[in-house]
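> Before I ask anything, here is the structure I am working with.
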There are 2 protein chains.
Amino acid sequence: MTGTRLSIALLHYPVYDKNRQTVATAVTNLDLHDIARAARTYGLFRYFVVTPVPDQQALAERIGSHWREGWGSTYNPHRKEALELMRVVATLDEAKAELAESYGRPVKTVVTGARNRPGSISCPTLARRLQDDDQPYLLMFGTGWGITDEIFAAADLVLEPINGPGAYNHLSVRSAVSIILDRLLGER
Amino acid sequence: MTGTRLSIALLHYPVYDKNRQTVATAVTNLDLHDIARAARTYGLFRYFVVTPVPDQQALAERIGSHWREGWGSTYNPHRKEALELMRVVATLDEAKAELAESYGRPVKTVVTGARNRPGSISCPTLARRLQDDDQPYLLMFGTGWGITDEIFAAADLVLEPINGPGAYNHLSVRSAVSIILDRLLGER
């Protein structure tokens, strides 16, 4: 399964707000669930929830452990299976360090957003790489009004945005993650 | 744009609960937003929110009008554009009647769920039909533990479920809608 070399990270920091200020956004319950369930469906290795805010880390951990170990684990074992992939970390570097240790080699980072950027690679190209080489990848998604330019500049690869037939491309991050995982790893 | 002959309906009734009792589920704020944004991205004609419960209809209408006409419409015009596609109806028949009047011909209904069923058509097959003929289609998604067997039996077509590489297929309805719209109408 090629998905085992792919992990995703949902960044709550550093991201832009509506006025292009860099902020830390709040953790959203459904971001944890929907993205964990999509990650499990496509056989990913890890789903990192990145937030530097201790209260928000605690909230994400509490939701995760409710479904992994608490009452939720017997009420709905499918949620348990999904949320077992989730790790709450303070920084992107922490996620990269965990992956490097698991794989015994550094991951390549891939960033994606709603805007077209020069030098982006397509989903089919990344899909082929996931099939053909042993390189692990960490695919980053942003909350709020998107990941900061600094993170885009520092990433190893930029993945093309999802475009529909028209000009409107304001998908939720939950939708964007689902569609990109299907484009990369879904059966065609 | 082939999406203009496709509409979707999110059924809050009749659907199963965890114990396979037929129930009406509650409207969820993010179901309205995420699915409306995906519907707008892929150029759909309508997004119907189906619930027979008057309080739930009022809630969905209130959310819709906040973003279409209220304070939200100037705060975030992208939400306005998306939620303009949304219609709150009491029954599936009401949705079908509105579409028949708009198109001047009856729609074909397509139902989908998480389970494999005999006689299902694939996404590429439905995608070709959307390109090749003038027939309008209404694609139904369920909340709770899925659409009842009666609705499956009464539909014109059943669409195959989304399968990842493994056995786990417990996507949220928000993810499932997004992935199926991309498979039907996304640029490949």
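> Might you check whether a residue that is under 20 Å from B:Ala97 (Cβ atoms) and open to solvent by less than 10 Å² (accessible area, probe 1.4 Å) occurs anywhere in the range B:14-23? Working first, answer last.
We begin by selecting, within the range B:14-23, every residue under 20 Å from B:Ala97 (Cβ atoms); these are B:14.
Add one more test, that the residue is open to solvent by less than 10 Å² (accessible area, probe 1.4 Å), and what stays is none.
Within the range B:14-23, none of the residues are under 20 Å from B:Ala97 (Cβ atoms) and open to solvent by less than 10 Å² (accessible area, probe 1.4 Å).
> How do the pairs read when you match residues in the range B:169-180 that are more than 7 Å from chain A (Cβ to nearest Cβ) with residues anywhere that are among the β-branched types (Val, Ile, Thr) and part of a helix (DSSP H, G or I), using Cβ under 9 Å and keeping only pairs 6 or more apart or on different chains?
B:Val173/B:Ile35; B:Val177/B:Ile35
> Please specify each residue of the range A:24-35 satisfying the condition of being crowded, with 20+ Cβ neighbours inside 10 Å and more than 10 Å from chain B (Cβ to nearest Cβ).
A:Thr25, A:Val27, A:Leu32
Quick grid of which residues meet (1) touching a His at 6+ places or on another chain (Cβ under 9 Å); (2) charged (D, E, K, R):
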site: B:Gly142; (1), (2): yes, no
site: B:Ile147; (1), (2): no, no
site: B:Phe152; (1), (2): no, no
site: B:Ala155; (1), (2): no, no
site: B:Val158; (1), (2): no, no
site: B:Val177; (1), (2): no, no
site: B:Asp182; (1), (2): no, yes
site: B:Gly186; (1), (2): no, no
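> Output the residue which, of all residues in the range B:111-125 that are of a type in the set (Ser, Thr, Tyr) and not in a helix (DSSP H, G or I), is surrounded by the fewest Cβ atoms within 10 Å (Cβ to Cβ). Show your work before the answer.
The initial filter retains those residues of the range B:111-125 that are of a type in the set (Ser, Thr, Tyr), namely B:112, B:120, B:122, B:125.
Remaining after also requiring not in a helix (DSSP H, G or I): B:112, B:120, B:122.
Details: B:Thr112: 26, B:Ser120: 16, B:Ser122: 11.
This residue is B:Ser122.
> Identify the residue in the range B:142-167 that is open to solvent by 20 Å² or more (accessible area, probe 1.4 Å) and within 11 Å of another protein chain (Cβ to nearest Cβ) and, among all such residues, is nearest to B:Leu92 (Cα to Cα).
B:Trp145
> Are there any pairs with C-beta distances below 9 angstrom linking a residue in the range A:116-136 that is closer than 19 Å to A:Ala100 by Cα to a residue that is assigned to a loop (DSSP other than H, G, I, E, B), with the two at least 6 apart or on different chains, and if so which?
Short answer, once both residue conditions are applied: A:Arg129/A:Gln135; A:Asp134/A:Arg105; A:Gln135/A:Arg105; A:Gln135/A:Val107; A:Pro136/A:Phe45; A:Pro136/A:Arg105; A:Pro136/A:Pro106; A:Pro136/A:Val107.
> Pull out all pairs, ordered by first then second residue, where Cβ-Cβ is under 6 Å, the residues are six or more apart or on different chains, the first lies in the range A:69-83 and is farther than 18 Å from B:Gly144 by Cα and open to solvent by less than 70 Å² (accessible area, probe 1.4 Å), and the second is part of a helix (DSSP H, G or I) and aromatic (Phe, Trp, Tyr).
These pairs meet every condition: A:Leu83/A:Trp67.
> Hey, among the residues in the range B:169-181 that are open to solvent by 20 Å² or more (accessible area, probe 1.4 Å) and part of a loop (DSSP other than H, G, I, E, B), which one's nearest to A:Ile162 (Cα to Cα)?
B:Leu171
The rows are residues; the columns are (1) charged (D, E, K, R); (2) closer than 20 Å to A:Val49 by Cα.
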position	(1), (2)
A:Glu84	yes, yes
A:Pro106	no, yes
A:Gly113	no, yes
A:Ile121	no, no
A:Gly142	no, yes
A:Ala154	no, yes
A:Pro161	no, no
A:His170	no, no
A:Ile179	no, yes
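> Given the conditions (1) open to solvent by 40 Å² or more (accessible area, probe 1.4 Å); (2) more than 14 Å from every other protein chain (Cβ to nearest Cβ); (3) in contact (Cβ under 8 Å) with a residue 24 or more places away in the chain, and given that B:Met86 satisfies all but one, which numbered condition is not satisfied?
The failed condition is (1).
> Go through the range A:11-23 residue by residue and tally those that are away from every other protein chain (no Cβ under 14 Å) and either of a type in the set (Gly, Ala, Ser) or touching a residue at least 12 places away in the same chain (Cβ under 8 Å) (or both). Explain how you work it out, then say what you get.
So the first thing to find is which residues in the range A:11-23 are away from every other protein chain (no Cβ under 14 Å), and the list is A:11-16, A:20-23.
Cutting the leftovers down to either of a type in the set (Gly, Ala, Ser) or touching a residue at least 12 places away in the same chain (Cβ under 8 Å) (or both) gives us A:11-16, A:20, A:22-23.
Number satisfying all stated conditions: 9.
The values are calculated or read from the model by the stated rules, or taken from the named source; none is laboratory data. From a predicted model like this one, the values you see are computed outputs, not experimental measurements. Virtual Cβ from ideal backbone geometry, glycine too; neighbours counted across all protein chains shown. The protein model used for the area step is the full one, side chains on, heavy atoms only, and it has no ligands, DNA or RNA in it. Shrake-Rupley method; radii C 1.70, N 1.55, O 1.52, S 1.80 Å.
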